[in-house]
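Readers should treat all values here as calculations from the given coordinates under stated rules, not as data from a laboratory. This structure is a prediction, so every number in the text was calculated from the model and none was measured. Methodologically, a virtual Cβ is constructed for each residue, glycine included, from the backbone with ideal geometry; neighbour enumeration extends over all protein chains shown.
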């Protein structure tokens, strides 16, 4: 679980955040930054895909805080320009988490505050 939390903090979160920022929020287009961070977001999504090939959840057979951490960015993957269509294990994991009542409740509360757009 700790390995996945470190991966989240040092890999997934910065890659997704920077990819989205440079694609959607930067004052001026920065092609090199877009290419760099979008590529990194794709790379870390691939790492997550490989991890989920071997386990139901990101840290093994049980749902943990690491799944919760990753889900936040994967839920808003479009911000980073990431399409989960080519990652069937990530899609399976995502669907399982999105079906959880507590996750649905949290998503509805966040959507009320910050709609996708």
Region 34-57-region 61-108 distance, computed between alpha-carbon centres (Å): 13
Taking the Cα atoms of region 10-69 alone, what are Rg (to one decimal) and Dmax (as a whole number) in Å? 14.0, 44
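So if R0 is 30 Å, what FRET efficiency would residue 27 and residue 110 give, r being the distance between their Cβ atoms, rounded to the nearest 0.05?
With a Förster radius of 30 Å, E is 0.70.
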Helix 88-98 axis, angle to the chain major axis (alpha carbon atoms, nearest 10°): 70
Compute the whole-percent fraction of alpha carbon pairs in the chain spaced more than 17 Å apart. 55
Which angle from 0 to 90°, rounded to the nearest 10, does the C-alpha axis of helix 65-75 make with the longest principal axis of the chain? 40
